[in-house]
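Values quoted throughout were computed directly from the atomic coordinates according to the rules given, and no laboratory measurement underlies them. Source: prediction; values computed, not measured. Here the Cβ is made from the backbone with ideal geometry for all residues, glycine too, and neighbour counts use every protein chain on show.
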Amino acid sequence: MDELRRRLQEAEHSWMQCKEDCIRFTERLNNAEREAKGAIAAKEKLEKTRAEDFEQLRKQSGQRDEQLTTLLQETETRHTQCRTELQQMLEAEIHVCNKMKEECKRLTQQLEDSAEKSSAKVQDANKECSKLKKKLDESVARRRTLEEQNTKKDKRIHELQSRLKQNDENTRKQVDQMCQLLSTRNNLMKERKILSQEVEFLRKQLIAKIPSEPVTPFMETA
């Protein structure tokens with residue numbers, strides 16, 4: 001778009017130069033016409049003077065007429081040539097200006113097309129941004145929901161861990177109590193066995209001392 005604007009500015013600058021050249025050529029043409037009119041007026045004036053002094057100034061008038069005629073012809077020739085050149089230059093400048101106008105129209109159309117395409121791209125980009133923003137909002141909402149669910153799950157897990165820890169402690173206490181009971185039972189069983197052995201030993205001694213008396217066998221109770 002910057003290149004198109006630059007070319008458009010160059011075309012406008014060339015158009016202004018062409019316009020200035022046309023003005024200068026028109027001024028030169030007007031000057032040439034004024035010179036021709038002046039020459040014609042001088043010729044008429046000289047012809048009047050020649051009519052009054054025809055006899056005295058015949059030779060001079062003839063020479064002067066020839067000079068003036070030659071000058072007039074040269075002036076007219078230069079005027080015609082200059083006019084032709086100016087006309088050709090003017091036509092060339094007009095042709096160039098027409099091309100410049102066409103180029104300006106083409107560049108303007110390209111600018112308009114580019115602007116429309118850019119506007120369409122901007123609209124598409126805005127729509128895409130809106131879609132992405134909507135998806136982002138949905139993702140954020142989903143993330144918040146998941147975070148809330150995770151928080152609840154973490155709280156539930158913490159509660160379960162606390163309960164498991166408490167159960168472990170209770171179980172450990174129960175195991176300790178059972179171990180203590182088993183140890184006490186084992187000790188009692190050992191003491192019972194020792195007592196039984198002592199009773200049996202005493203019974204045997206008693207039997208050995210009193211053989212004649214019937215001795216009731218000692219029955220160990222469970």
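General observations
- Over the chain, dividing the summed -39,500 (n - 2.57) contributions of all DSSP H runs of at least 4 residues by the number of residues returns a 222 nm mean residue ellipticity of -35000 deg cm²/dmol.
- Extended-chain gain in nm, criterion 0.36 nm per residue less alpha-carbon gap, residue 188 and residue 144: 9.4 nm
- C-alpha long axis of helix 58-209 to longest principal axis of the chain, angle in °: 0 degrees
- In the stretch 138-200, the trypsin sites (Lys or Arg not before Pro) that fall in loop regions by DSSP, at most 11 other Cβ within 10 Å: none
- Nearest-ten-degree value, helix 2-52 long axis tilted from longest Cα axis of the chain: 10 degrees
- The longest part of the chain holding none of the exposed loop chymotrypsin sites (Phe, Trp or Tyr not before Pro), meaning those outside H, G, I, E and B in DSSP with at most 16 other Cβ atoms within 10 Å, is 55-217.
- Cα centroid separation - the stretch 66-91 against the stretch 2-37, whole Å: 22 Å
- Chain lengthening between residue 175 and residue 210 when straightened (0.36 nm per residue, less Cα-Cα): 7.5 nm
- Two-site FRET efficiency, residue 37 against residue 114, from Cβ-Cβ distance with R₀ of 45 Å, rounded to 0.05: 0.25
- Model label points for residue 133 and residue 27, set 7 angstrom from Cα along the Cα-to-Cβ axis, are 6.1 nm apart.
- Farthest toward positive dipole pole in the chain [+1 Lys/Arg, -1 Asp/Glu at C-beta], among 4, 98, 86: 4
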